[in-house]
Amino acid sequence: MNRNPKEKFARIDIRVNQKDKDKIKQLAEKCNLSISEYLVQRALGYEPRTVLPDVFFDFYNKLCELCNTVGFTPEAENKLLSLIDEIHTELLLPRKEDMRKWQPPDSGLSKTG
């Protein structure tokens, strides 16, 4: 997430038991994020991605290279480009969760009746 270096940060303190803290830390490390950044992304509706192994990036780069250097038919090239875009979107880009499932129900007095 882009941060403005001149932006002042507010502090939010939470209390969790050690088991929960260890689990959160483990999840953050899998995404190569600090605990704070992991929790901010989750709270804002993002699904942080697990960092993929280097072998994935080697494969992805070779696939892109292949697309740029080998002569394909237009149909085959379009299919390959579509596959590369799908891989990029599904495995690399941050994804936003549907936050409606986290919205609390309306409260207060019923307006019917």
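The values are calculated or read from the model by the stated rules, or taken from the named source; none is laboratory data. Note that the structure is predicted; figures quoted are calculated from it, not measured. Note: ideal-geometry Cβ built from the backbone for every residue, glycine included; neighbour counts use all protein chains shown. Heads up: the accessible areas ignore ligands, DNA and RNA and are worked out on the full protein's heavy atoms, side chains in. Shrake-Rupley method; radii C 1.70, N 1.55, O 1.52, S 1.80 Å.
Open to solvent by 50 Å² or more (accessible area, probe 1.4 Å), touching a Cys at 6+ places or on another chain (Cβ under 7 Å) and within 18 Å of Glu90 (Cα to Cα) - does that describe any residue in segment 24-41?
no
Specify the residue that is farthest from Thr89 (Cα to Cα); the eligible residues are those in segment 1-21 that are of a type in the set (Asp, Glu) and open to solvent by 80 Å² or more (accessible area, probe 1.4 Å).
Asp13
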